[in-house]
Amino acid sequence: MNKILKRLLLVIIVLAVLAVMLIPLPYYITKPGTTEKLGELVKVEGKADNKNGSFSLTTIGLQHATALTLTIAKFSKYQEIDKESEIRTEGETEAQFNVRQMYYMNSAKNNAIEAAFTKAKKPFKSEYNGIFVLSMTENSDARRFLKEGDTIHAVDGKKFKTSEEFVKYVGTKKIGEKINITYTKANESKERTDKVKMVDIDKKGRAGIGITLVDDKNVQTTPKVTVKTDKIGGPSAGFMFSLEILSDLTREDLTRGYDIAGTGTIEPDGTIGRIGGIEEKIVTAHKAGKDYFLAPDDTITKEMKKAKPGIKTNYADAVKVAKDLGTDMKIIPVKTLDQAVEVLRELPQKNK
């Protein structure tokens, strides 16, 4: 074989290896992530952290699969493989997915603050900012200046209290008609105003500006609560945020001296909800040497059983993984913030 053919063969081999390692496939891999101590992320103004133990959120690692990582995942006990369609909505880009996760995290923070302040019987104020742009249609004229993650504050100078009011007003306009939109870019405070042309949003003659939207809210409190989540997305840390905020706000050491991890969404009324990746989060907390893990004891509906016959509660799945690991970490089922607080108060004080 002459030198040219050898070099050509080498190039082909290198390209093949790179393809296996780098080209993304329509799958995602979920695997154990990290534990993050909430005392370092959550601050209640004027309230120093007085806990002898700690509360931690747990994360999962989510990565786009390649042929190599997909093969590894198939032979790894605590790595799950999901179709791209099960993680991202139809037509959703990676950037749009990240914006959606950011919104869920912001909502989780707001819900956690409301739940904690309600439990502590402290006043708070919910402030409506406007319309949060989750995604945009391909034909949207607003693409000239709007992006996912921006917030619309007014249309034609009119401010709204809910997204329903916004949709109702915009729905009175005709395709081709122009309206003024006042908005702020993500991570900016300065308002801007631009004209946008109404477009056909459903190919049936219904007019709109071509965005998927949700309400953008802030919760105002005294003392002020700051939650730092620059590198964390999704709603699953909400419950643990609420525990950290409540403990600092009331000066009650709810950890009882233990290192406690957990997960779960939180509603403003304190209801704890189901999350994804519970198995991987148990592995993460076990490796971090946590004493207890608080897992959602969610309700499995008939519809959920029909869609997935073998489905179990987060708590049941957590117990199974803990048993498989042979961990000393105890799993505690929780349905509400009230129940979680009572369970923690009943723990024997740990002497360090």
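Surface composition of the chain: carbon and sulfur make up 53 percent of the accessible area, probe 1.4 Å.
Using C-alpha pairs below 8 Å separated by at least 6 residues, the relative contact order for segment 147-275 is 17 percent. A crude spin-label estimate for the pair Val167 and Lys122, with each label 7 Å from Cα along the Cβ direction, gives 3.5 nm. Based on the alpha-carbon gyration tensor of segment 251-328 and its eigenvalue square roots a ≥ b ≥ c, which shape applies: rounded if a/c is under 1.5, prolate if not and a/b is larger than b/c, or oblate? Oblate.
Rounded to the nearest 10 square angstrom, Arg192 shows an accessible area of 100 square angstrom against a 1.4 Å probe. In segment 98-167, which GluC sites (Glu not before Pro) fall in coil by DSSP and have 13 or fewer other Cβ atoms within 10 Å? Hits after loop and neighbour filter: Glu138. In the full protein context, segment 212-308 carries 42 Å² of accessible surface per residue, based on a 1.4 Å probe and ignoring ligands, DNA and RNA. Hydrodynamic estimate: the Kirkwood radius of segment 166-313 over Cα pairs, inserted into Stokes-Einstein at 4 °C and 1.567 mPa s, corresponds to D of 65 µm²/s.
Of the residues Glu279, Glu177, the one with the largest accessible area comes first in the ranking Glu177, Glu279, computed with a 1.4 Å probe on protein heavy atoms. Overall, the chain carries a charge dipole of about 580 debye about its Cα centre when +1 sits on the Cβ of Lys and Arg and -1 on the Cβ of Asp and Glu, all other atoms neutral.
Sparsely packed loop sites in segment 205-307 (the trypsin sites (Lys or Arg not before Pro) outside DSSP H, G, I, E and B with at most 13 other Cβ atoms within 10 Å) comprise Arg206, Lys224, Lys228, Lys231, Arg251.
Taking every Cα-Cα distance in the chain and sorting them into 20 Å bins from zero, the calculated P(r) comes out as 25, 49, 23, 3, 0 percent.
Taking only the Cα atoms of segment 58-144, the radius of gyration and Dmax are 18.7, 53 Å. Centre-to-centre separation between the Cα atoms of segment 325-346 and those of segment 184-256: 28 Å. Express in nm, to one decimal, how much length is gained between Leu8 and Lys224 on full extension, taking 0.36 nm for each residue of separation and deducting their alpha carbon distance. Here the answer is 71.4 nm.
Probing with 1.4 Å while keeping every protein chain in the model, the per residue accessible area of segment 1-153 equals 58 Å².
The values are calculated or read from the model by the stated rules, or taken from the named source; none is laboratory data. Predicted model, so just to flag it, every value in this text is computed and none were measured. Cβ: placed from backbone, ideal geometry, glycine included. Neighbour counts: every protein chain shown. The area values use the complete protein model at the heavy-atom level, side chains included, leaving out ligands, DNA and RNA. Shrake-Rupley method; radii C 1.70, N 1.55, O 1.52, S 1.80 Å.
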